[in-house]
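Inspection log for the structure reproduced underneath, given as C-alpha cells.
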Amino acid sequence: MSTSQGEHDGSGAVRPGPGDPHYPESRSRAYRLLVWTEHGAAILLLCTLFALIITQVFSRYVLGSPLSWTEELARFVFIWFTFTAAAFVAARRRHITVLLYGGGRTGRVVAGIEAAATAVVIVVSVAMTAGGIALMQGSARLISPGTGISLSVVYAAISAGFALTALHSAVNLWLTLRHPGQFAGRQDIEKAGV
Amino acid sequence: MTMTIVWMVLALLILLVLRVPVAIALLVPSLIYVLLDPTASLQLAAQQTLSGVNSFPLLAVPLFIMLGNIANVSGISDRLFNAATALIGHVRGSLGYVNVATSFGFAWMSGAAISDAAALGRVQVPAMTKRGYGEGFSVGLTASSSLIAPILPPSIPAIIYAVTAGLSVGALFVAGVLPALLLVTVLCLVVWWSTRKDDGLRLAAVRGRERWLPVLSALPALGAAVVVLGGILGGFFTPTEAAGIGVLYMLALSACYRTLTRANLTRIVSSTVETGGAVLLIVCAAALFGWVLARERAPQLAAEAIFSLTSSPIVFLLLLNLLLIVVGAVLEPTAAILILVPVLAPVATQFGLDPLHIAMVIIFNLMLGLLTPPVGLVLFVLSSVTDIPVSRVIRGAVPFYVPLLLVLLIVTFFPFFTTWLPGLVR
Amino acid sequence: GCVGTEAPQSNQAAADADARHVRFAHVYDPSHPVETCGVPAINESLQDSGLVVDSYPAAQLGSEAESLEQVASGGLDLAVAGPSFLGVWEENVALFDAPYLFRDVDHFEATLNGPIGDEIWAGLKESSGLDVLSSWYYGTRHVTANNEVHTSDDLAGQKLRAADAPLYLTMAEIMGGAATPMALDEAYLALQQGTIDAQENPIPTIASQKFYEVQDYLNLTGHMIQGVMVVASESSLGAFSAEEQDALRTAAAEAQTAVRECIEDQEASFLEEWRESGEITVNDDVDVEHFRQRAADLIPERFPWGERYLEIQES
Ligand code: NA
Ligand code: NA
C-alpha cells in the first residue's frame with residue numbers, strides 16, 4: 001500500500017530503493033536487526049497490554065476477585081509501548097507530517113526543506129533524551145505505589161524512544177542528502193492520525 | 001504571557017509548513033520555552049511529555065485502533081457492503097444508501113475517520129462510479145460518511161477528549177450516538193435529493209437466500225457493537241476493558257470467518273503499532289505544549305478575552321464554531337483537542353453549557369477539519385486509496401460541507417442531541 | 001440572568017503589579033475549598049510581603065505525583081499533595097493516610113502540627129528536600145453503598161473502589177469489600193451499572209461527583225480523616241529571601257483554619273440536605289469500634305510505620 005518507488009528486479013518482486021521506507025534496513029544487517037527488534041518489542045508490549053486488560057476482566061468476573069495491580073502495570077506497559085512504537089515509526093518515516101506542497105519529484109528545494117526538518121527532529125530528540133535521563137535520575141529512589149516498580153524503569157521509556165528516534169532520523173537525513181530527488185515530496189500519509 | 005503564547009503558536013505553524021512532523025513541531029517551541037525559563041528544565045519537559053500517556057483510560061486508544069484494523073483486515077467491511085447491497089440494492093440511489101449504511105455498520109467497530117475512509121473508500125468509490133454515480137458525488141459521500149466512525153462509539157477523539165477534560169469516556173461515547181444518527185439521516189436525505197431524478201441508479205432486486213445470506217453473514221460483526229456499547233452501558237466493563245473484550249470478540253469472529261491467518265495477524269498488529277506510535281507521540285508532545293500554555297495562564301487569558309467580547313452563550317457557541325473550523329482546517333485533531341480543550345472547556349462551563357454538549361461540538365468541528373484543505377487527512381487518504389487526485393477529491397467534498405455544517409449547527413444549538421441519551425442512562 | 005458575566009477568578013495580581021508571583025498548583029476543581037478558601041487566605045496573609053500566589057487549579061500543571069516532582073526540581077514553587085503521594089518520597093509520611101488513625105479533626109490537627117508531625121516532616125525534608133509548609137484538613141471519608149453498613153460483614157463480596165496502593169488495599173480489606181481500582185471520572189457510571197458496588201470518599205466529593213444519585217446509603221464510617229499538605233522544597237524556596245520564605249510559611253499555616261472551616265461547613269450542609277431530602281439515606285449506625293479494631297489488627301504488621309500507627313491511635 002505504500003507508494004513505494006522501489007526498483008523491480010525482473011522477478012516481479014520489488015527490491016527497496018532509496019525512496020522506500022525499508023531502504024536503510026535492506027542495506028545494513030545491524031540496522032535491520034535494530035528496527036526489527038523495535039517492531040517486535042512494540043508488538044509484544046501491545047499484546048501484553050491486551051492480555052493485562054483481559055486478565056483484569058477475567059479475574060473480576062470468572063474468579064470473582066478483582067486484581068489490584070493490573071491497572072498500574074498496564075499503564076507502565078502503555079508508556080513503553082508508546083515510545084517504542086514511536087521509535088519504530090520514526091525508522092519508517094511515518095510520523096504524521098503536514099504535506100501542503102510537493103508530491104512526486106519536486107526536486108531539491110523540497111529535499112532541502114525535508115533535510116532541515118529532519119535535522120530539527122534530531123536536535124529535539126537529543127534534547128528529549130537528555131531530559132529523559134535527568135528525569136530518570138531525579139526519580140531514581142521513587143517506587144510506584146501499586147506494583148513496587150522503580151519509576152526510573154518506567155521513565156527510561158522516554159529517553160530510549162527519543163535516542164532511537166535521533167538515530168533513525170540521522171540515517172534518514174543522510175539518505176535525504178544522498179538521494180534528494182527520491183526522498184523528498186512523498187505524499188502518502190496513509191493511516192495517519194485519527 | 002500573551003507574547004509567549006503568540007510566538008509559540010506561530011512557531012508551531014511555521015514548523016508544520018516546513019514539514020516538521022506534528023509531534024516534533026509541538027515539542028520545538030515548548031523546549032525553547034523550557035530552556036529560556038530559569039525555573040523550568042528539560043527534566044520537567046520530559047516529565048510532561050511522558051505524562052501525556054501516563055493514563056489508564058487512554059490505553060483504550062491502541063486497543064480500539066486494533067479493533068478497527070481487525071474489522072478491516074478480516075473482510076468485515078466487504079461483508080457489511082454486501083449485506084447492505086442485498087438489502088436495499090433495488091431502491092433508487094441504492095449505492096448511496098449502501099455507502100452510508102456500510103460506514104454506519106463499520107463505525108461500531110472503528111473509532112477513526114481515517115480507518116473508515118481507508119477501508120471503505122477503495123470498495124465504495126469504484127463500486128459507485130462503475131454504476132454511473134458521479135465521481136465527485138461518490139468521493140464526497142464516502143468522505144462525509146467516514147465521519148460517522150469518530151462520532152458513533154467507539155471513538156478515539158472522544159477518548160482523548162474525555163481524558164483531557166476529565167469526563168467519563170463512557171458518557172461521552174453515549175453522547176455521540178444521536179449526533180451520529182443525525183449525520184446518517186442527513187446524508188441519506190442528501191442521497192435521496194441527489195438521485196431523485198435518476199431512475200438508472202438502482203440494482204436488480206435479489207430474493208430469498210441471495211438476499212438473506214449476506215445479511216446473516218454480516219450480522220455477527222455487529223456483535224462488536226453489543227460488546228462495546230452494551231458492555232459499557234450494561235456496566236460490565238469500563239471503556240478500556242470494553243476495548244479489550246471487543247478485540248477478543250473480533251479476533252474470535254475473524255477466526256470463524258477463516259480470515260485470521262498469520263499474515264493477517266501480522267498486518268493487524270503492525271498497523272496498530274504504526275498508527276498507535278504516530279498518534280500517541282502527538283498526544284505526548286501536545287501534553288507538553290498544553291502544559292506550557294497552562295503555565296503561561298492561557299486558559300485564564302482566553303476566558304478574560306472571551307468574556308470581554310460577549311456574555312451570551314449563543315454568541316460564544318458561534319465564536320467557538322468559527323474558531324474551531326479555522327483550527328480544524330490547519331491542525332491535526334488529536335493535537336487540537338489536547339491544546340484547545342483545557343483552554344476552552346472551562347470557559348464553556350462558565351457559560352453554563354453542558355460539558356458533554358461542548359465536547360461533541362468540539363469533536364464534530366475538528367472532524368469536519370478532516371475534510372477541509374489544507375490539512376484534511378481523510379481527503380488525502382481517499383485520494384491515495386482511489387488514485388483520484390487530491391484536487392478532485394476536494395471538489396467532490398465541497399458540496400457536502402452544506403449538509404455537514406447543518407448537522408454541526410443542529411448539534412451546536414440543540415443540546416438535546418448530546419445530553420438527552422446520557423441523561424437517560426444516568 | 002446571564003451566565004458567567006463576572007470576570008473569572010480574579011486574583012490579586014492586578015492589585016499589586018510589582019508583587020512577585022508564586023506558582024501554586026493543585027488538582028482540585030476551581031470550586032473546591034482549596035481554591036476558594038485556601039488561596040484567598042494565603043493571599044490575604046501575604047498582602048504586605050511583596051508576594052502574590054498565582055493558583056493553577058484542576059491539575060493544569062500536572063497530577064499530584066507530577067507536581068511533587070516539579071516542586072522537588074524547582075520548576076514549581078508550591079504544590080498540594082496528600083500523604084500517599086508524599087509517601088512515595090519518604091515511606092513514613094504515608095502513615096497519615098492510614099484508616100482509623102485519628103479520632104477526630106482536632107486529633108488530626110494536633111498530631112500533624114505536633115511533635116510527631118514535626119519529626120516526620122523533618123525526615124521527609126532530609127531524605128527528599130521536600131518541605132511541608134502546612135497541613136490542611138481535606139475531609140473525612142465515608143463508604144457509600146446500596147445497603148446499610150454496620151460492620152465489615154455488610155460489605156463482604158462487594159466491589160469497593162480503591163486505589164491500587166497497599167495502604168488503600170488494606171483499607172478495603174478492613175472495610176470488608178474487594179478492592180477494585182477505577183478512575184474517579186468513570187466511577188459514577190460504574191456504580192450505576194454495577195461494575196462496582198461501593199465507593200468511599202469525603203462528603204464534598206460524594207456531592208460533586210453526584211454519587212448520591214446512584215447509591216442508596218451513605219454510611220458514616222469516617223474511616224479516614226484526611227489532610228493535604230502544602231509542599232515546597234529546598235530548591236523551590238531557594239529563589240526567595242528569608243523574609244519571603246517566612247511569609248509563605250506563615251501564610252500557608254494561617255490558611256489552614258480557613259480551609260478547615262470551609263470543608264466542615266460543606267460536610268455539615270450536604271449531610272443536613274441529604275438527611276432532609278432523603279436523596280441518599282444517611283446511616284449513622286456504624287460500628288466504628290469494630291472497624292477500628294480490625295485496622296489495629298491488620299495495619300501494624302503490614303507497614304514499616306506500624307508501631308507509630310498504634311502510638312497515634314492510642315494517643
Ligand atoms: Na466509532
Ligand atoms: Na483540515
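The values are calculated or read from the model by the stated rules, or taken from the named source; none is laboratory data. Values in this document were obtained by computation on a predicted structure and should not be read as measured data. Methodologically, a virtual Cβ is constructed for each residue, glycine included, from the backbone with ideal geometry; neighbour enumeration extends over all protein chains shown. The protein model used for the area step is the full one, side chains on, heavy atoms only, and it has no ligands, DNA or RNA in it. Shrake-Rupley method; radii C 1.70, N 1.55, O 1.52, S 1.80 Å.
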Exercise. Restricting the search to region B:362-383, which residues are more than 13 Å from ligand 2 (Cβ to nearest atom) and of a type outside the set (S, T, Y)?
Worked result: B:I362, B:I363, B:F364, B:L382
Exercise. For region B:375-392, what are the residues that are over 13 Å from B:R122 (Cα atoms), more than 18 Å from the chain's Cα centre (by Cα) and either within 11 Å of another protein chain (Cβ to nearest Cβ) or modelled with pLDDT under 90 (or both)?
Worked result: B:P389, B:V390, B:S391
Seminar exercise, completed: By residue number, the members of region C:164-175 that are more than 8 Å from chain A (Cβ to nearest Cβ) and open to solvent by 20 Å² or more (accessible area, probe 1.4 Å) are C:Y168, C:E173
Exercise. Are there any pairs, at least 6 apart or on different chains, whose C-beta atoms fall under 9 Å, with the first in region B:368-380 and more than 18 Å from B:L408 (Cα to Cα) and the second near ligand 2 (Cβ under 6 Å from one of its atoms) and not in a helix (DSSP H, G or I), and if so, which?
Worked result: B:L379/B:T372
Exercise. Based on what the data block shows, is A:Q182 open to solvent by 40 Å² or more (accessible area, probe 1.4 Å), at the interface with another protein chain (Cβ under 10 Å from one of its Cβ atoms) and modelled with pLDDT under 95?
Worked result: no
For this session: Considering (1) outside any strand (DSSP E or B); (2) open to solvent by less than 30 Å² (accessible area, probe 1.4 Å), say which one C:D153 fails and leave the rest.
Result: (2)
For this session: Take the residues in region B:35-55 that are among the β-branched types (V, I, T) and facing chain A (nearest Cβ under 8 Å), then tell me which one is surrounded by the most Cβ atoms within 10 Å (Cβ to Cβ).
Result: B:T49
Exercise. So which pairs qualify, if the first residue must be in region C:118-138 and open to solvent by 30 Å² or more (accessible area, probe 1.4 Å), the second must be among the acidic types (D, E) and in a helix (DSSP H, G or I), the Cβ gap must be under 7 Å, and the two must be at least 6 apart or on different chains?
Worked result: none
Exercise. Which condition number does C:V214 fail, the rest of (1) crowded, with 21+ Cβ neighbours inside 10 Å; (2) more than 15 Å from C:P99 (Cβ to Cβ); (3) of a type in the set (A, V, I, L, M, F, W, C) being met?
Worked result: (1)
For this session: Kindly indicate which of B:L58, B:L26, B:L15 is at pLDDT 90 or above and open to solvent by 10 Å² or more (accessible area, probe 1.4 Å).
Result: B:L15
For this session: Could you identify the single residue in A:R75, A:R94 that is under 14 Å from the mean Cα position of the chain (by Cα) and open to solvent by 40 Å² or more (accessible area, probe 1.4 Å)?
Result: A:R94
For this session: Select from region A:2-48 the residues that are assigned to a loop (DSSP other than H, G, I, E, B) and modelled with pLDDT of 60 or more and write down the one among them that is farthest from A:R93 (Cα to Cα).
Result: A:S28
Problem set entry | Evaluation of B:A40 against (1) in a helix (DSSP H, G or I); (2) out of contact with any Asp or Glu (no Cβ under 9 Å at 6 or more places or on another chain) (one fails), failing number | (1)
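For (1) within 14 Å of chain A (Cβ to nearest Cβ); (2) in contact (Cβ under 8 Å) with a residue 40 or more places away in the chain; (3) open to solvent by 10 Å² or more (accessible area, probe 1.4 Å); (4) away from ligand 2 (no atom under 16 Å from the Cβ), each residue gets a yes or a no:
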residue	(1), (2), (3), (4)
B:F104	no, yes, yes, yes
B:G111	yes, yes, no, yes
B:R122	yes, yes, yes, yes
B:R131	no, yes, yes, yes
B:T142	no, yes, no, yes
For this session: Pick out, from region B:257-348, the helices (runs of 4 or more DSSP H) lying fully within it that include 1 or more residues that are among the hydrophobic types (A, V, I, L, M, F, W, C), within 16 Å of ligand 2 (Cβ to nearest atom) and at pLDDT below 90.
Result: B:313-330
Problem set entry | Criterion (within 16 Å of ligand 2 (Cβ to nearest atom) and touching a residue at least 12 places away in the same chain (Cβ under 8 Å)) met by exactly one of B:A359, B:A397 | B:A397
Exercise. Which condition number does B:F81 fail, the rest of (1) aromatic (F, W, Y); (2) more than 27 Å from B:A263 (Cβ to Cβ); (3) more than 16 Å from ligand 1 (Cβ to nearest atom) being met?
Worked result: (2)
For this session: Taking B:L353 as meeting all but one of (1) assigned to a helix (DSSP H, G or I); (2) away from ligand 1 (no atom under 16 Å from the Cβ); (3) within 14 Å of chain C (Cβ to nearest Cβ); (4) of a type in the set (A, V, I, L, M), write down the number of the exception.
Result: (1)
For this session: Taking the residues in region B:223-239 that are in a helix (DSSP H, G or I) and farther than 11 Å from B:P154 by Cβ as candidates, determine which candidate is nearest to the other protein chains (Cβ to nearest Cβ).
Result: B:L233
Problem set entry | All positions within region B:144-157 that are part of a loop (DSSP other than H, G, I, E, B), within 16 Å of ligand 2 (Cβ to nearest atom) and farther than 17 Å from B:I337 by Cα | B:S146
For this session: Test B:L293 against the stated conditions and say whether it is within 13 Å of chain C (Cβ to nearest Cβ) and of a type outside the set (S, T, N, Q).
Result: yes
Exercise. Within region B:242-257, can one find any residue that is at positive phi and within 9 Å of another protein chain (Cβ to nearest Cβ)?
Worked result: no
For this session: Just need a number here: residues in region B:268-290 that are more than 7 Å from chain A (Cβ to nearest Cβ) and either within 16 Å of the chain's Cα centre (by Cα) or of a type in the set (F, W, Y) (or both).
Result: 2
Exercise. If we scan region B:356-365, do we find a residue that is open to solvent by 50 Å² or more (accessible area, probe 1.4 Å), part of a helix (DSSP H, G or I) and away from ligand 1 (no atom under 16 Å from the Cβ)?
Worked result: no
